[in-house]
Amino acid sequence: MDANNENMAPIGVFDSGYGGLTVLRDIKALLPQYDYLYLGDNARAPYGSRSFELVYDFTLQAVEYLFGQGCRLVIVACNTASAKALRSIQQNDLPRIDPNRRVLGVIRPTVEQVGEISRNGHIGILGTPGTIASESYNMEIAKLYPHFHAYGQPCPMWVPLVENKEYDSPGADYFVKKYIDQLMQRCADIDTVILGCTHYPLLLPKIRQFMPQGVAVVPQGEIVAHSLADYLRRHPEIEQCCSRGGSTEYLTTESASKFEQSASVFMNVDIKAKRITL
């Protein structure tokens, strides 16, 4: 298809801050042929402690902005936004804005994968206070696997550790161990743990260090990437609208230079960003 076709546009990827870059990194590794437009609402991050109403308002603004840039498909690469806003946007706003556009989240594909990993149906979820309070993972697990049991553990200090580049410092050990211990105290039979926040892959070495032996840890990036590839295979009408130049553009609501500095930690490459206002 002609890349200059006016109907073609990048795949939008949205997060409240930097965490979604871990998802974008894995999507780009699996599907490097497409163009991507990443938007981080860093000026208003973190979303984890904000109300449902605010998260919904902020997420809708970001999705509408990316639609305004031509995106036909937007990935909400943020667990808090997926938990607090995605369903409302899909059910109430998309029919009004444009029923031919799509917004996908990170929770459902992650839960689908868990069913293939867990041996005993006891699932732990580590996430921000907002994601855990929403019980979105619990509801999705109950829907797909009614006989499973889900246990959520909020980890309020993990995002600050990552954002302040303390994720591999000795100081991080205390908080990583603390929340894992609290989770396992809820149920000693947990055999699979979902990392329900896109910041957490940067803590993965420490998480694996303090996680009891034999417990599977499930980061989301690769799962979401494979789920997106499968979605595009099943929806050629959307896939044909995705431009293929192999490029990535980065937008932030905060300072561009600040974003570039932190984002390079997540992407492992130097990037250029542009500041926008929502």
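Where a number appears in this text, it was derived from the coordinates with a stated rule and is not lab data. This is a predicted model, so every value here is computed, not measured. Note: ideal-geometry Cβ built from the backbone for every residue, glycine included; neighbour counts use all protein chains shown.
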Problem set entry | Most positive-pole-ward Cα, F58, S255, I194, against dipole of the chain from beta carbon charges | I194
Exercise. Looking at segment 36-140, which GluC sites (Glu not before Pro) are in a loop (DSSP not H, G, I, E or B) and have at most 16 other Cβ atoms within 10 Å?
Worked result: E135
For this session: Mind giving me the nanometre distance, one decimal, between the label points for K178 and N7, set 7 Å out from Cα along Cα→Cβ?
Result: 5.4
Seminar exercise, completed: hull vol. (C-alpha, convex hull) per residue for segment 159-204, Å³ -> 75
For this session: Place a +1 charge on the Cβ of each Lys and Arg in the chain and a -1 charge on the Cβ of each Asp and Glu, then give the dipole magnitude about the Cα centre in debye, rounded to the nearest 20.
Result: 220
Exercise. If you take all C-alpha pairs in the chain, what percent of them are over 30 Å apart?
Worked result: 26
Exercise. Can you give me the relative contact order of the chain as a percent, contacts being Cα pairs under 8 Å and 6 or more apart?
Worked result: 28
Problem set entry | segment 84-231: proportion of alpha-carbon pairs further apart than 28 angstrom, % | 21
Exercise. Are there trypsin sites (Lys or Arg not before Pro) in segment 160-204 that DSSP marks as loop and that have at most 13 other Cβ atoms within 10 Å, and which are they?
Worked result: K165
Seminar exercise, completed: Here the relative contact order (percent) of segment 1-145, from C-alpha pairs under 8 Å and at least 6 apart, is 26
For this session: With a cut-off of 13 Å, note down the residues of segment 138-155 whose backbone N falls inside the zone around a label point 7 Å from the Cα of R87 toward its beta carbon.
Result: 138-144
For this session: Note down the relative contact order for segment 81-207 as a percent, whole number, built from C-alpha pairs under 8 angstrom at least six residues apart.
Result: 30
Problem set entry | Magnitude of the charge dipole, segment 1-87, Cβ model with Lys/Arg +1 and Asp/Glu -1, debye to 20 | 300
For this session: Using 0.36 nm per residue of separation minus the Cα-Cα distance, give me the extension gain between C187 and Q213 in nm, one decimal.
Result: 7.9 nm
Exercise. What is the dipole size for segment 74-114, taken about its Cα centre, with +1 at each Lys and Arg Cβ and -1 at each Asp and Glu Cβ, in debye to the nearest 20?
Worked result: 60
For this session: Identify the trypsin sites (Lys or Arg not before Pro) of segment 78-140 meeting these criteria: DSSP loop state and at most 16 other C-beta atoms within 10 Å of the C-beta.
Result: R119
Seminar exercise, completed: Around V162 (Cβ within 12 Å, Cβ-to-Cβ, excluding V162; K/R +1, D/E -1) the net charge comes to -1
